[in-house]
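*Asks:* The structure that follows is given in the form of structure tokens.
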């Protein structure tokens, strides 16, 4: 499935919030506090008039952007989450959070989810000692993610490990060993994703 390669700041301005915690995006969104486009300033004053459907769609698009997935993938994840026991919205977030590219990013081996996807697809990531080049690979509790020896001196990996926070309770990171272990399934309160997942569930429910 293709990855999004468009302007990241533009998307975040459209949502009116920073979804990728990087200093340059924070500055852009704060400096231009209105949606992009010729009529962005006008739209700023109409943002509170969205319908229920509009809010549901917006939350779904935010989640897809954060995890760098397309609509077809998102729908499949929703259907899978709905088949599981428990809260569908929380199940959806757990499935997305356990994607290999996302955990590579969370562990600090890549500066962004887009960079994480790239190093996974290029075969630079191991899971339990075996190369896995599928960004959507579902990591289970107890599995160990590590960076290949040949990439451990890569400047981008080293810079990411210095700048990306990785203080998540469900992910044990060993920077010296360039490894991270998924300790347990993440709880909703531990997943750092600023979305209202119930609106996403409502969005897909009305379509099925």
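The values are calculated or read from the model by the stated rules, or taken from the named source; none is laboratory data. What you see is a predicted model, and the numbers here were worked out from it, not measured in a lab. All Cβ positions, even for glycine, are placed from backbone atoms using ideal geometry, and neighbour counts span all protein chains on display.
*Asks:* Residues to consider are 103, 57, 92; find the one that is touching a residue at least 60 places away in the same chain (Cβ under 8 Å), part of a helix (DSSP H, G or I), touching a helix residue (DSSP H, G or I) at 6+ places or on another chain (Cβ under 7 Å) and closer than 21 Å to residue 184 by Cα.
*Replies:* From the options 103, 57, 92, the qualifying one is 92.
*Asks:* Going through region 175-208 one residue at a time, which ones are under 30 Å from residue 153 (Cβ atoms), out of contact with any helix residue (DSSP H, G or I) (no Cβ under 9 Å at 6 or more places or on another chain) and modelled with pLDDT of 95 or more?
*Replies:* Once the filter is applied, which keeps residues that are under 30 Å from residue 153 (Cβ atoms), out of contact with any helix residue (DSSP H, G or I) (no Cβ under 9 Å at 6 or more places or on another chain) and modelled with pLDDT of 95 or more, region 175-208 yields 177, 181, 183.
*Asks:* Could you figure out which of (1) within 28 Å of residue 60 (Cα to Cα); (2) part of a helix (DSSP H, G or I); (3) in contact with a strand residue (DSSP E or B) (Cβ under 9 Å, 6 or more places away or on another chain) isn't true of residue 157?
*Replies:* (1)
*Asks:* Given the conditions (1) in contact (Cβ under 8 Å) with a residue 40 or more places away in the chain; (2) surrounded by 12 or more Cβ atoms within 10 Å (Cβ to Cβ); (3) more than 27 Å from residue 62 (Cα to Cα), and given that residue 142 satisfies all but one, which numbered condition is not satisfied?
*Replies:* (2)
*Asks:* While we're on this one: Restricting to region 107-136, what's the tally of residues that are assigned to a helix (DSSP H, G or I) and farther than 13 Å from residue 178 by Cα?
*Replies:* 9
*Asks:* Also: Please tell me if residue 119 is touching a residue at least 40 places away in the same chain (Cβ under 8 Å) and surrounded by 14 or more Cβ atoms within 10 Å (Cβ to Cβ).
*Replies:* no
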